[in-house]
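Each remark here refers to the structure printed beneath this line.
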């Protein structure tokens with residue numbers, strides 16, 4: 001009996017499946033830009049999809065409010081015609097910090113994420129008196145690694161301070177380089193025995209928030225069978241789609257491009273399918289880069 005899984009279809013363009021979906025939940029970093037500049041073909045594909053009546057909600061693990069992300073996308077050249085709305089892990093983090101569970105927080109992350117805390121009813125505090133560590137990333141992701149924080153995490157563990165991870169990504173690409181994100185620190189804290197909470201993909205709250213935005217645009221509840229998640233990360237985008245019960249389009253030229261053989265042009269030599277067969281979650285279909 002043949003137990004080999006069927007191959008994941010690799011599409012020539014998004015047009016091949018776009019008509020099957022009313023709503024697209026689209027990752028940002030790795031799909032619409034590489035951290036430095038936009039991918040014009042991705043903006044074009046989503047703009048064409050919207051022109052046919054589809055709704056696009058960008059779903060990002062950016063530890064910032066959605067309004068802050070709009071400015072960043074503008075600066076990199078992502079077309080506003082490519083999306084209807086944005087939901088970020090930062091939005092979900094702000095909601096969690098506003099519910100009264102914690103009164104004082106210690107912030108671990110770069111200064112560029114400071115807008116996350118604007119107007120929140122919670123006070124900054126030293127680690128020794130904090131109710132929660134809010135991790136938005138490394139202080140300096142150009143030179144540091146998660147191991148840089150082992151001593152700090154050991155102290156936090158001794159104090160039994162939980163961590164709220166505002167960006168569950170472990171790695172992202174920035175102009176061809178891979179850099180560590182908050183998820184890498186949270187994962188290390190977990191292995192050390194620390195308590196962690198997550199606010200972004202692949203966890204349900206950020207998807208529910210995105211579907212609520214889609215519902216407001218459609219004037220009805222979106223059908224999951226006609227909802228597509230587009231992303232470049234198996235662990236967050238594809239896993240999140242699987243958990244929500246919707247299809248996924250896996251963008252190959254992103255965080256996993258070296259693992260699937262794209263740098264050698266070997267997409268069809270079996271390397272990609274072997275990678276998928278080893279992965280915990282299988283996408284519905286795949287595409288080299290998001291393009292119409």
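The values are calculated or read from the model by the stated rules, or taken from the named source; none is laboratory data. Please read all numbers here as calculations on a predicted model, not as lab measurements. Backbone-built Cβ (ideal geometry, glycine too); neighbour counts: all protein chains shown.
For this structure, a couple of remarks:
- Applying the condition of being farther than 21 Å from residue 245 by Cβ and buried (at least 21 other Cβ atoms within 10 Å of the Cβ) to segment 15-30 and asking which residue is farthest from the chain's Cα centre (by Cα) yields 30.
- Among the candidates 276, 230, 234, 255, the residue that is within 13 Å of the chain's Cα centre (by Cα) and at pLDDT below 90 is uniquely 255.
- Candidates 236, 271, 284, 196 - the one that is crowded, with 20+ Cβ neighbours inside 10 Å and either in contact with a helix residue (DSSP H, G or I) (Cβ under 9 Å, 6 or more places away or on another chain) or in the same structural domain as residue 19 (by TED's automatic domain parsing) (or both): 236
- Segment 118-141 residues that are on the phi > 0 side of the Ramachandran plot, paired with ones that are surrounded by 13 or more Cβ atoms within 10 Å (Cβ to Cβ) and in a loop (DSSP other than H, G, I, E, B) (beta carbon under 6 Å, 6 or more apart): 137/109; 137/110; 137/181
- Flag for residue 137 being in contact with a helix residue (DSSP H, G or I) (Cβ under 8 Å, 6 or more places away or on another chain) and outside any helix (DSSP H, G or I): yes
- Summed over segment 128-143, residues that are under 19 Å from residue 195 (Cα atoms) and surrounded by 15 or more Cβ atoms within 10 Å (Cβ to Cβ) total 9.
- Segment 140-179, residues that are touching a strand residue (DSSP E or B) at 6+ places or on another chain (Cβ under 9 Å) and part of a loop (DSSP other than H, G, I, E, B): 141, 142, 144, 145, 161, 162, 166, 167, 168, 169, 170
- In this entry, residue 210 passes the filter for residues that are touching a strand residue (DSSP E or B) at 6+ places or on another chain (Cβ under 9 Å) and modelled with pLDDT of 95 or more.
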